[in-house]
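Some notes on the structure that comes next.
The values are calculated or read from the model by the stated rules, or taken from the named source; none is laboratory data. Every value quoted in this text rests on a predicted model; they were computed, and no experiment measured them. For neighbour counting, all protein chains shown are included, and Cβ atoms are generated from backbone atoms with ideal geometry for every residue, glycine included.
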Amino acid sequence: MKNLVKQNENLLFAAWGVSLIATIGSLYFSEVLGYMPCELCWYQRIFMYPIVIILGIAVVKKDPKQALYSAVFSGIGILIAFYHYLLQKVPAMTELDSCGLIPCAGQYINWLGFITIPFLALVGFTAILVISLVILKTNQGR
């Protein structure tokens, strides 16, 4: 029982850390490097930024039930980030880009030929979802 409580605390803290790094990273790209976020980037931010607050409160209160909310937000974020990544990397999808002034298919970074900003968001959302689901699974029936 005591081990489960400590495990929940560590997992909540890890998920919060991922969300915090993702939030700071997105702000670094836009505010320091001057990369203007496209429309889909804004939607991804809309789903990532609240996770920092939700999980931050969950860490302080030691409340694993909040993993449900982070799972929902990150699940939706995964869908948006995956679609955004497809717009960037799949030529047939690029033609579907209907974003406004800043094209969603544009790539400010392209590390190793596949790591773009939506890819980083996808990894972050996925990590948070997996951690949240582990927390929810280990606390089933509690």
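Within region 102-120, if we keep just the residues that are farther than 19 Å from I24 by Cα, of a type in the set (A, V, I, L, M, F, W, C) and in contact (Cβ under 8 Å) with a residue 12 or more places away in the chain, the residue that is surrounded by the fewest Cβ atoms within 10 Å (Cβ to Cβ) turns out to be F114.
What number of residues within region 38-50 satisfy the criterion of being assigned to a loop (DSSP other than H, G, I, E, B) and at pLDDT 95 or above?
Filtering region 38-50 for residues assigned to a loop (DSSP other than H, G, I, E, B) gives 38.
Okay, now just the ones that are also at pLDDT 95 or above, so none.
Counting residues in region 38-50 that are assigned to a loop (DSSP other than H, G, I, E, B) and at pLDDT 95 or above gives 0.
Would you point out which residue out of I128, I135 is in contact (Cβ under 8 Å) with a residue 40 or more places away in the chain, in contact with a Pro (Cβ under 9 Å, 6 or more places away or on another chain) and within 29 Å of P64 (Cβ to Cβ)? So the residue among I128, I135 that is in contact (Cβ under 8 Å) with a residue 40 or more places away in the chain, in contact with a Pro (Cβ under 9 Å, 6 or more places away or on another chain) and within 29 Å of P64 (Cβ to Cβ) is I135.
Per-residue answers, yes or no, for (1) touching a residue at least 60 places away in the same chain (Cβ under 8 Å); (2) in contact with a Ser or Thr (Cβ under 7 Å, 6 or more places away or on another chain); (3) not basic (K, R):
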| position | (1), (2), (3) |
| --- | --- |
| G17 | no, no, yes |
| S26 | yes, no, yes |
| Y49 | no, yes, yes |
| V59 | no, no, yes |
| K62 | no, no, no |
| Q66 | no, no, yes |
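Here D97 clears all of (1) touching a Pro at 6+ places or on another chain (Cβ under 8 Å); (2) assigned to a helix (DSSP H, G or I); (3) of a type in the set (D, E) except the condition numbered (2).
Scanning region 60-73 for residues that are under 20 Å from T126 (Cβ atoms) and surrounded by fewer than 19 Cβ atoms within 10 Å (Cβ to Cβ) returns L68, Y69, V72.
Looking only at region 26-38, count how many residues are within 29 Å of Q66 (Cβ to Cβ) and either surrounded by 15 or more Cβ atoms within 10 Å (Cβ to Cβ) or aliphatic (A, V, I, L, M) (or both). First the steps, then the outcome.
Step one: of region 26-38, the residues within 29 Å of Q66 (Cβ to Cβ) are 26-31, 37.
So of that shortlist, the ones also either surrounded by 15 or more Cβ atoms within 10 Å (Cβ to Cβ) or aliphatic (A, V, I, L, M) (or both) come out as 26-27, 29-30, 37.
Matching residues across region 26-38 total 5.
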